[in-house]
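To start, the structure under review is shown below, and the notes come after it.
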Amino acid sequence: MTRGYMAGVAAQLRGEQALRNTRTVEQMQTIVNQRAAAGVIPTSARDKALVRVSVERIELDRLTQQLEAARQTLAASWSGTTSDFGPADGTFPASTALPDKQVLLERARRHPRLARWADEYQHRQHALSLAQAYGVPDLSVGAGVRHFPNADDTAALIQFTVPLALFDRNQGHVLESRFKFAQADAQKKAAQADLQEEMARAYADAHSAQYAIQTLDGETLSAARSAFESAQEAFRMGQTDYLSVLDAEHTLVNIQHQRIDALELFHTSVTSLEGLSGTPLDRKSTRLNSSHW
C-alpha cells in the first residue's frame with residue numbers, strides 16, 4: 001500500500017505540474033497571437049505556440065488518466081473504489097540521510113526470507129544425521145547361564161550380536177539426505193545473494209535520487225525558473241524571439257519532471273530498504289506545494 005500511495009502522490013504532482021504548464025503556454029499563446037496579428041513577429045510563431053499548447057494538453061490528459069489509474073490501484077489495495085477518498089495531500093516523507101549500507105545489510109540477515117532457509121538448513125542437516133545413523137549396524141548384547149551336566153558345572157554366558165549390513169546400509173537415504181542438505185545450503189546462499197543484490201540496488205537508487213533532489217533544489221530549479229521568466233519578459237518587450245521562450249520553458253519542464261521522478265524513486269527505494277532490513281528509517285514530512293516549483 002505504501003508504494004501505491006507513493007505512486008498516487010507522484011501521479012498527482014505530475015498532473016498538477018502539467019496543469020500549470022498548460023496554463024502557462026496558453027497565456028504565452030495569447031501574447032504570441034496578439035504580436036503576430038500586429039505584425040511584430042512572424043506568423044510562424046503563432047503555429048509554434050499552437051503546437052506547444054496542443055502538446056501540453058495531450059500530456060495533461062495522459063497524466064490525468066495515469067492519476068486515475070494510480071488512484072484505482074491504491075483503492076483496490078483495500079478493496080475500495082476511487083470514490084472512497086479525495087485527492088492526496090501532496091506530501092512526500094523526506095528522509096534527511098540514509099544509514100550506512102553495511103548497517104542495513106546486517107539488519108537484513110534477520111529477514112524472514114533468510115530465516116526460512118536457516119530453519120530448512122538445520123532440518124535437512126538433522127535428516128542427514130538420522131540417515132547416516134540408520135546405516136550403522138546396531139550392536140546387541142545378551143547374558144545368560146549355561147549348565148554342563150557331564151561336568152556338573154555352570155558357566156555364565158555373554159552374547160554379542162552384530163548385523164552384517166552387506167546389502168542395505170541405508171545408502172539410498174543417506175545420498176538423498178546429502179543431496180537435500182546440499183540443496184538447502186545452495187538455496188540459502190542464493191537467498192542471501194538475492195537479498196543483498198536487492199538491497200544494493202535499492203540503496204544505489206535511493207542515493208542517486210537523493211543527490212538529484214538536493215542538486216535540483218539547490219540551484220538548478222531556481223535557475224531554470226529564472227531563465228524562463230526572463231525569456232518571457234524579454235519576449236514581451238520585443239527583445240527576443242519565441243524560440244528562446246520555448247527553449248527556456250522546455251528546460252524548466254524537464255527539470256520539474258526530473259524532480260518528481262527523483263522524489264518517487266527515492267521514497268520507493270527507501271520503502272524497499274525498510275522492507276529488506278526490517279527497520280523503519282528516520283523520516284520527516286515535507287509539504288510539496290507550489291513554492292517547490
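A quick yes/no check of all residues on (1) surrounded by fewer than 17 Cβ atoms within 10 Å (Cβ to Cβ); (2) within 28 Å of R236 (Cα to Cα):
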site: R3; (1), (2): yes, no
site: A36; (1), (2): no, yes
site: T43; (1), (2): yes, yes
site: A49; (1), (2): no, yes
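Among the residues making up region 246-267, those that are more than 22 Å from I31 (Cβ to Cβ) and open to solvent by 30 Å² or more (accessible area, probe 1.4 Å) are N254, H257, Q258, D261, E264, L265. Among the conditions (1) within 22 Å of T279 (Cβ to Cβ); (2) open to solvent by 60 Å² or more (accessible area, probe 1.4 Å), the only one that A193 does not satisfy is (2). Checking each residue in region 42-77 for being more than 17 Å from V9 (Cα to Cα) and either touching a residue at least 12 places away in the same chain (Cβ under 8 Å) or among the aromatic types (F, W, Y) (or both) picks out A45, R46, K48, A49, L50, R52, V53, E56, R57, E59.
Filtered by the rule that a residue be modelled with pLDDT of 90 or more and surrounded by 14 or more Cβ atoms within 10 Å (Cβ to Cβ), region 51-104 gives R52, V53, E56, R57, E59, L60, L63, T64. Is it true that some residue in region 274-287 is of a type outside the set (K, R), at pLDDT 85 or above and in contact with a helix residue (DSSP H, G or I) (Cβ under 6 Å, 6 or more places away or on another chain)? Within region 274-287, not a single residue is of a type outside the set (K, R), at pLDDT 85 or above and in contact with a helix residue (DSSP H, G or I) (Cβ under 6 Å, 6 or more places away or on another chain). Hey, does region 237-258 have a residue that's at pLDDT 85 or above and either within 28 Å of D100 (Cβ to Cβ) or touching a strand residue (DSSP E or B) at 6+ places or on another chain (Cβ under 8 Å) (or both)? For region 237-258, residues at pLDDT 85 or above and either within 28 Å of D100 (Cβ to Cβ) or touching a strand residue (DSSP E or B) at 6+ places or on another chain (Cβ under 8 Å) (or both): present.
Annotation: of all residues in region 10-25 being charged (D, E, K, R) and touching a residue at least 12 places away in the same chain (Cβ under 8 Å), the one that is least open to solvent (accessible area, probe 1.4 Å) is R14. Taking residues in region 26-37 that are more than 12 Å from R52 (Cβ to Cβ), and partners anywhere that are open to solvent by less than 40 Å² (accessible area, probe 1.4 Å), the pairs with Cβ atoms closer than 6 Å and at least 6 places apart or on different chains are R35/I41; A36/A45. For region 23-63, filtering for residues that are in a loop (DSSP other than H, G, I, E, B) and touching a helix residue (DSSP H, G or I) at 6+ places or on another chain (Cβ under 9 Å) leaves 3. Each residue in region 196-245 was checked for being surrounded by fewer than 18 Cβ atoms within 10 Å (Cβ to Cβ), under 31 Å from the mean Cα position of the chain (by Cα), more than 16 Å from R259 (Cβ to Cβ) and in contact (Cβ under 8 Å) with a residue 60 or more places away in the chain, and 4 pass.
The values are calculated or read from the model by the stated rules, or taken from the named source; none is laboratory data. This structure is a prediction, so every number in the text was calculated from the model and none was measured. All Cβ positions, even for glycine, are placed from backbone atoms using ideal geometry, and neighbour counts span all protein chains on display. These area figures cover heavy atoms from the full protein model, side chains too; ligands, DNA and RNA do not enter into them. Shrake-Rupley method; radii C 1.70, N 1.55, O 1.52, S 1.80 Å.
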